[in-house]
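The values are calculated or read from the model by the stated rules, or taken from the named source; none is laboratory data. What you see is a predicted model, and the numbers here were worked out from it, not measured in a lab. Cβ coordinates were reconstructed from backbone atoms using ideal geometry, including for glycine residues, and neighbour counts include every protein chain displayed.
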Ligand SMILES: [Zn+2]
């Protein structure tokens with residue numbers, strides 16, 4: 001899994017192309033993730049005792065991981081990701097362009 005919770009990712013397809021956001025959660029079984037501010041859907045809520053107004057709220061819908069790219073802070077753009085190993089054997093993700101460790 002290349003994308004994990006709290007990663008910064010960039011949407012590279014669809015209506016939110018180019019939008020950047022933080023991964024709020026990953027749904028591995030569905031190969032999707034929920035990303036802050038990306039793929040917003042409007043949801044109509046009913047009036048409840050807690051929310052007397054009801055109305056429309058915006059909410060992030062899960063988006064396919066294939067539409068997401070990890071963001072490299074050093075390159076300041078979406079990164080192609082490779083894997084590398086630290087001296088202690090820990091597997092890490094690196095930006096293929098600048099070799100910076102991501103996440
Ligand atoms: Zn980079």
Say whether the condition of being within 16 Å of the ligand (Cβ to nearest atom), surrounded by 12 or more Cβ atoms within 10 Å (Cβ to Cβ) and more than 9 Å from the chain's Cα centre (by Cα) is met by at least one residue in region 23-31. no
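Out of all the residues in region 50-98, which are assigned to a loop (DSSP other than H, G, I, E, B), in contact with a strand residue (DSSP E or B) (Cβ under 8 Å, 6 or more places away or on another chain) and within 11 Å of the ligand (Cβ to nearest atom)?
Selection gives 73, 74, 75, 79, 80, 96, 97, 98.
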Whether any residue in region 36-49 is under 13 Å from the mean Cα position of the chain (by Cα) and in a strand (DSSP E or B) is what I want to check. yes
Output the number of the condition that residue 13 fails; it satisfies all remaining conditions of (1) surrounded by 12 or more Cβ atoms within 10 Å (Cβ to Cβ); (2) modelled with pLDDT under 95; (3) not in a loop (DSSP other than H, G, I, E, B). (3)
